[in-house]
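Visitor: Quick one: the structure is below, and I'll ask about it shortly.
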Amino acid sequence: MGIRRQAQLLRTIARHWVKVEPDTVERLRRMVAGLTPKKAGKVAEYRERLRRFDLDANIDVHVPPAPTLSSAAGTGGSPPCGIGS
């Protein structure tokens with residue numbers, strides 16, 4: 001459980017079970033709000049960057065093909081010891 005969730009749990013316990021004063025609950029609420037990550041607005045920018053990969057033809061242009069096991073090993077033949085035969 002992350003620190004923000006722990007702070008939310010502490011606020012809930014304080015408000016509903018311990019019945020602390022409203023000003024204390026407000027301080028806890030502000031603490032939880034300070035631990036909540038802000039939305040940076042980068043989603044649109046990332047979608048625009050990734051849009052070029054929407055078409056398969058563009059993937060072939062932008063992403064090099066992965067090397068095969070045989071080309072990485074430097075052999076073009078079958079594996080030794082008859083594996084895969």
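Here, each number is a calculation from the coordinates, and none is a lab measurement. Small disclaimer: the values here were computed from a predicted structure and weren't measured. No Cβ is skipped: glycine too gets one built from the backbone with ideal geometry, and neighbour counts run over all protein chains shown.
Visitor: Between Leu55 and His16, what length comes free when the chain is fully extended (0.36 nm per residue of separation minus the Cα-Cα distance, one decimal in nm)?
Guide: Separation in residues times 0.36 nm, less the Cα-Cα distance, equals 8.7 nm.
Visitor: Take the Cβ-Cβ distance between Ile3 and Ala66 as r, set R0 to 35 Å, and report the resulting FRET efficiency rounded to the nearest 0.05.
Guide: So the FRET efficiency works out to roughly 0.30.
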